[in-house]
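Data first, discussion second: the structure below is written as structure tokens.
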Amino acid sequence: MIKKYLLALASFIVVVAVLGAVKAAQINEVSSVVRTVPPIAVTSAVAQSVVWKPLQKSIGTLAPIEGVTIAPDADGTVTKIYAESGAAVKEGDLLLELDATVELAQLVAAQAQEKLAELDFKRTTDLVAKSSAPRNQLDLAEAQLAQASATVNQIKAQIDKKRLRAPFSGRVGIRLVNVGQYVARGRGLLPLQKLEMMYVNFSVPQRQLPSLMVGQPVAVQVDAFPAGFSGKISAINSEVDAVTRNISVQAIVANPQLQLRAGMFAQVEVELPAGRPQIVLPSTAISYASYGNSVFVISKMKNAAGKEFLGVRQQSVKLGDNRGDLIAIEDGVKAGEEVVTSGVFKLRNGAEVQINNTAMPSAQVAPKPDNT
């Protein structure tokens, strides 16, 4: 019985030993295989040398070419409002009336005096012609007629001051008074602005003064309308601000759709005439870091076994101006070098890559993304 038990135990040990030997052989075989990291799929772009005209960026404020707040030149009570808030008006349109009942009554009396003076002048003229009245009586009648006519014109002018008309064509803003409200001379009643063309006022450093000229193109960007607007410099101030050392510049921007409004905040870019060649890459190619920015330059490399492969070399760069999806490289990359444009976060110095440019990131100077 004991012999059978020992025989079975020995057989079990032999089987376990054989299985262990087989497994060990398999592990040795697997571990002897050289493991390599598969190439990392990236997109790439060739660094190009282009000439960008330098831009002077500034902050500006929009102002109307023509804009006023209509105010009366006389005291009175508002009796009628003809132009409601937001209405479009033409030059000469009646906007608002103040109470002129007193002046109208005075006008009737003055016109009666004028008519009487005119009749007296005619009678005196006839008498003088017949030598029935002295010449000085005719002069007195003529003077009285002129005085009566002047009084009529004076009262009419006072009435006109209480009838406020549009000094130019434009759009009325939100009115500041209501019918029946008493207003004093000079009180603002309703704003009126001409919006087809707009001014944009901004400042630039004094060192840029030699590069500025009337007619120079500018690009204007406002938060409300990302598409942007174009214009031209219309005036350059004759003096430099002694505090900021900046010079004020004014440009005219077309506003055919009446989208822009006075007082809007605007970002202004002035295209300066001088330009120099510089290396340009897509912004996605830059690996940003606190210790310095870099790019991954693609080139052929060799591994320890001498096998050639396509790898990347991390290169520190100095960044310049950016335009849309592109950024200028002032130092670190030469024209013609191929650089990784997407997937840079997966890379390390010397990593093997595989280029797949079927889906490239946007690389435009003036991108227009879909707002969907």
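Listing for the model above:
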| read-out | value |
| --- | --- |
| Whichever residue in segment 297-315 is among the polar types (S, T, N, Q) and assigned to a strand (DSSP E or B) and, among such residues, is surrounded by the fewest Cβ atoms within 10 Å (Cβ to Cβ) | SER299 |
| Scan of segment 54-104 for residues that are among the β-branched types (Val, Ile, Thr) and either touching a residue at least 40 places away in the same chain (Cβ under 8 Å) or assigned to a strand (DSSP E or B) (or both), ordered by number | ILE59, THR61, ILE65, VAL68, THR69, ILE70, THR77, VAL78, THR79, ILE81, VAL89 |
| Scope segment 321-352; condition surrounded by 16 or more Cβ atoms within 10 Å (Cβ to Cβ) and touching a Lys or Arg at 6+ places or on another chain (Cβ under 9 Å); matching residues | ILE329, GLY332 |
| Flag if ALA109 is among the aliphatic types (A, V, I, L, M), part of a helix (DSSP H, G or I), over 58 Å from the mean Cα position of the chain (by Cα) and closer than 30 Å to ILE155 by Cβ | yes |
| Flag for ALA235 being within 26 Å of GLY324 (Cβ to Cβ) and in a strand (DSSP E or B) | no |
| Residue in segment 171-189 that is modelled with pLDDT of 85 or more, assigned to a helix (DSSP H, G or I) and among the small types (Gly, Ala, Ser) present | no |
| Conditions (1) in contact (Cβ under 8 Å) with a residue 24 or more places away in the chain; (2) touching a strand residue (DSSP E or B) at 6+ places or on another chain (Cβ under 6 Å); number of the one not met by ALA148 | (2) |
| First in segment 321-340 and closer than 27 Å to GLU271 by Cβ and at pLDDT 90 or above, second anywhere and aliphatic (A, V, I, L, M) and surrounded by fewer than 14 Cβ atoms within 10 Å (Cβ to Cβ), Cβ under 8 Å, 6 or more apart | none |
| Test: residue in segment 257-270 that is assigned to a strand (DSSP E or B), under 27 Å from SER49 (Cβ atoms) and among the acidic types (Asp, Glu) | yes |
| Filter result (more than 11 Å from TYR199 (Cα to Cα) and touching a residue at least 12 places away in the same chain (Cβ under 8 Å)) within segment 242-262 | THR244, ARG245, ASN246, ILE247, SER248, PRO256, LEU258, GLN259 |
| Candidates THR341, THR284 - the one that is under 25 Å from LEU55 (Cβ atoms), part of a strand (DSSP E or B) and in contact with a Pro (Cβ under 6 Å, 6 or more places away or on another chain) | THR341 |
| Where a residue in segment 218-241 is not assigned by TED's automatic domain parsing to the domain that holds PHE202 and its partner, wherever it lies, is modelled with pLDDT under 95 and crowded, with 18+ Cβ neighbours inside 10 Å, with Cβ under 6 Å and at least six apart | none |
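The values are calculated or read from the model by the stated rules, or taken from the named source; none is laboratory data. The shown structure was predicted, so the numbers you read here are calculated from the model rather than taken from an experiment. Heads up, the Cβs are rebuilt from the backbone with ideal geometry, glycines too, and the neighbour counts pull from every protein chain shown.
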